């Protein structure tokens, strides 16, 4: 074999024998997962009982804007609308080279964080399609070690922005993978519903997936996800449609939600929440009590709806922080959704791994024979500890090759009568 990772603990989502397992890899695929694998390999890694997981998957990101923080100025109000206006100011000054360089730098960060798959929205409202060309080039360059899935995103509104639909069609023709939209940013509710219909029909005709920014608003009457689910059901697109953000659901009354959730489940519409950004941008016009804005993750999971988490932004017009760490995203999602039960915490880990991979349509994702050999060895014993510590990625494996290593998090102590080192893990007598 090319590589064996020995004595690995697997996440709950993986079917595993009792106790640690060895993972055998050959020609970029997992070929064996079993206790005490008798084969030999050119390289072996001893996980020492640490958690080995499939790679992190970011189901919602904006790579065309990433690392542009401060260009041409900083978002003074911290609001979604000023961020959109600021991006509009920046667009005329974008160059393809700068877009590519920033995106590649972010991909370097992502690999080091064990983030090997990203669905990124790319603005198509600029008739030059500069960002589309740039991210297609980035996708080509990172393909040997990372999966990028591009979404054609009419940031300024499909009907509100002149030529946006034609630009979107051109972007799909150039090789962009997914159809996007932003119905709540159209001029009227009726225009928003019409944009959903047009985009879903176009996607169905082309056999493409759909991922719409939907109801990213504090307005409980912003209900375009209902239209999205109805169109998905009408067009037979179950399992190929996602609504991202869905923050208005945070403010909806329970009776309406009791109708909406079964409709989403029947239509096979997935939900993608963005915990860091949703709680930062929403509720800005509130005094107190102040809404935090994230959608109803526990209720959707209980209703059988697929839910993933995305990072959304890193150092751009909307968000000044971030480093590509999906454990930070899961950690925040756990807190703001009050998902502190054992099963709920593991569900938050799934939201940045297996759930996200399923929503994006990855068929060879996981830890089982036949899966792609994309793995992360974490400095943690289980998923809950990994989120608590935002654990170091000791080893990252992509396509069967080690692409990143990081040291374990340790601190040396000089305290009389106390241990000389701490690793921040709970050690019981």
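If you scan the stretch 402-423, which residues turn out to be touching a residue at least 12 places away in the same chain (Cβ under 8 Å) and within 30 Å of residue 57 (Cβ to Cβ)?
Of everything in the stretch 402-423, those that are touching a residue at least 12 places away in the same chain (Cβ under 8 Å) and within 30 Å of residue 57 (Cβ to Cβ) turn out to be 402, 403, 404, 406, 407, 408, 409, 410, 423.
Using the structure shown, decide if residue 306 is outside the structural domain of residue 398 (by TED's automatic domain parsing) and touching a helix residue (DSSP H, G or I) at 6+ places or on another chain (Cβ under 9 Å).
Details: outside the structural domain of residue 398 (by TED's automatic domain parsing): yes; touching a helix residue (DSSP H, G or I) at 6+ places or on another chain (Cβ under 9 Å): yes.
Against the criterion (outside the structural domain of residue 398 (by TED's automatic domain parsing) and touching a helix residue (DSSP H, G or I) at 6+ places or on another chain (Cβ under 9 Å)), residue 306 qualifies.
Might you let me know whether the stretch 94-115 holds any residue that is in a loop (DSSP other than H, G, I, E, B), under 29 Å from residue 204 (Cβ atoms), assigned by TED's automatic domain parsing to the domain that holds residue 83 and without any contact (Cβ under 8 Å) to a residue 60 or more places away in the chain? Write out each step before concluding.
Of the residues in the stretch 94-115, the ones in a loop (DSSP other than H, G, I, E, B) are 94-95, 113-114.
From the residues that got through so far, the ones that are under 29 Å from residue 204 (Cβ atoms) too are none.
For the stretch 94-115, residues in a loop (DSSP other than H, G, I, E, B), under 29 Å from residue 204 (Cβ atoms), assigned by TED's automatic domain parsing to the domain that holds residue 83 and without any contact (Cβ under 8 Å) to a residue 60 or more places away in the chain: absent.
Check off (1) closer than 19 Å to residue 182 by Cα; (2) touching a residue at least 60 places away in the same chain (Cβ under 8 Å); (3) in a loop (DSSP other than H, G, I, E, B) for residue 285 and give me the number that stays unchecked.
Every listed condition holds for residue 285 apart from (1).
Quick one: which strands (runs of 3 or more DSSP E) sit completely within the stretch 311-429 and have at least 2 residues that are in contact with a helix residue (DSSP H, G or I) (Cβ under 9 Å, 6 or more places away or on another chain)?
Here the list reads 393-398, 401-405.
How many residues does the stretch 107-132 hold that are over 18 Å from the mean Cα position of the chain (by Cα) and surrounded by fewer than 24 Cβ atoms within 10 Å (Cβ to Cβ)? Steps first, answer last, please.
The first filter runs over the stretch 107-132 and keeps only residues over 18 Å from the mean Cα position of the chain (by Cα), leaving 124-132.
Filter once more, so that each one left must be surrounded by fewer than 24 Cβ atoms within 10 Å (Cβ to Cβ): 125-130.
Residues meeting the conditions: 6.
I need the full set of residues from the stretch 295-310 which are in a loop (DSSP other than H, G, I, E, B) and crowded, with 20+ Cβ neighbours inside 10 Å, in order please.
Correct list: 295, 296, 305, 306, 310.
Do we find that residue 15 is surrounded by fewer than 23 Cβ atoms within 10 Å (Cβ to Cβ), modelled with pLDDT of 95 or more and not assigned by TED's automatic domain parsing to the domain that holds residue 147 in this structure?
Answer is no for this residue.
I'm trying to understand the selection: among the residues of the stretch 58-93, which are surrounded by fewer than 16 Cβ atoms within 10 Å (Cβ to Cβ) and either assigned to a loop (DSSP other than H, G, I, E, B) or outside the structural domain of residue 348 (by TED's automatic domain parsing) (or both)?
Listed by number, the residues that qualify are 70, 72, 73, 74, 76, 77, 78.
The values are calculated or read from the model by the stated rules, or taken from the named source; none is laboratory data. Keep in mind it's a predicted model, so treat the numbers as computed, not measured. Virtual Cβ from ideal backbone geometry, glycine too; neighbours counted across all protein chains shown.
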